[in-house]
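These notes concern the structure reproduced below.
The values are calculated or read from the model by the stated rules, or taken from the named source; none is laboratory data. For clarity, every value in this text was computed on a predicted model and none was experimentally measured. Glycine also receives a Cβ, built like all others from the backbone with ideal geometry; neighbour counts cover every protein chain displayed. SASA here: full protein model, heavy atoms, side chains in, ligands and nucleic acids out. Shrake-Rupley method; radii C 1.70, N 1.55, O 1.52, S 1.80 Å.
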Amino acid sequence: MPASIFGDRFLGARKPAWHGLGSTFEDRPMMSEAFARCNLNYPYLEGEALARVDGALITIPNRKAIIRGPTQDDPMHRVLSVVITDFTVIQNMELARMLDPISEHWPVETCGALGQGETVFATLDAGMAKIGGEDIGKFFLLTDSKDGKRNLDIA
């Protein structure tokens with residue numbers, strides 16, 4: 001199964017992802033530091049949504065394009081989606097800063113990006129529990145879609 005990790009944007013505690021991409025850490029970074037180490041600090045931009053009809057460019061009403069800005073390993077702007085004009089993208093580093101206080105209590109276990117950067121994810125270590133007499137690791141999962149197809153979710 002091919003990895004859908006965006007470039008090598010995976011960061012994990014102690015071991016790399018199953019496909020060998022990304023990097024690891026031994027310390028306990030705050031969420032914003034983990035996102036920065038994972039190179040998730042690229043911008044999302046908004047642009048006019050246009051269609052070419054009979055050689056003319058027409059603005060698509062009530063829509064805008066969500067564009068991932070250039071990165072070091074992908075220097076092109078990439079249109080991720082066309083969404084309604086009310087859709088708001090939360091920049092990755094803004095999201096990470098909002099989650100810094102949570103990551104003080106529940107340490108970052110992993111973070112990364114998928115596709116062309118349209119989805120970012122993180123897991124937080126929520127400690128251990130016993131289920132049926134067995135030790136089970138608990139985690140919080142955060143996913144944020146920048147293409148308007150899914151909500152920001154924490155499970």
Pair list, Cβ < 7 Å and 6+ apart or interchain, from segment 31-44 residues that are farther than 14 Å from Leu114 by Cβ to residues that are open to solvent by 10 Å² or more (accessible area, probe 1.4 Å) and of a type in the set (Lys, Arg): Ser32/Arg97
Count of residues meeting criterion [within 30 Å of Pro29 (Cβ to Cβ) and open to solvent by 90 Å² or more (accessible area, probe 1.4 Å)] in segment 63-96: 5
Filtered residues of segment 104-141 (kept if open to solvent by 40 Å² or more (accessible area, probe 1.4 Å) and not in a strand (DSSP E or B)): Glu104, His105, Trp106, Gln116, Glu118, Gly132, Gly133
Per-region count, segment 146-155, residues free of Cβ contacts under 8 Å to residues at least 40 places away in the same chain and either surrounded by 19 or more Cβ atoms within 10 Å (Cβ to Cβ) or part of a loop (DSSP other than H, G, I, E, B) (or both): 3
Some residue of segment 79-94 being touching a Phe, Trp or Tyr at 6+ places or on another chain (Cβ under 7 Å), charged (D, E, K, R) and closer than 21 Å to Phe121 by Cα: no
Whichever residue in segment 49-81 is in a strand (DSSP E or B) and touching a residue at least 60 places away in the same chain (Cβ under 8 Å) and, among such residues, is farthest from Cys38 (Cα to Cα): Ser81
Residue count for segment 12-32, restricted to those that are buried (at least 17 other Cβ atoms within 10 Å of the Cβ), assigned to a loop (DSSP other than H, G, I, E, B) and small (Gly, Ala, Ser): 2
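So, Leu99, is that one out of contact with any Lys or Arg (no Cβ under 7 Å at 6 or more places or on another chain), closer than 16 Å to Arg150 by Cα and not in a loop (DSSP other than H, G, I, E, B) or not?
No, not satisfied.
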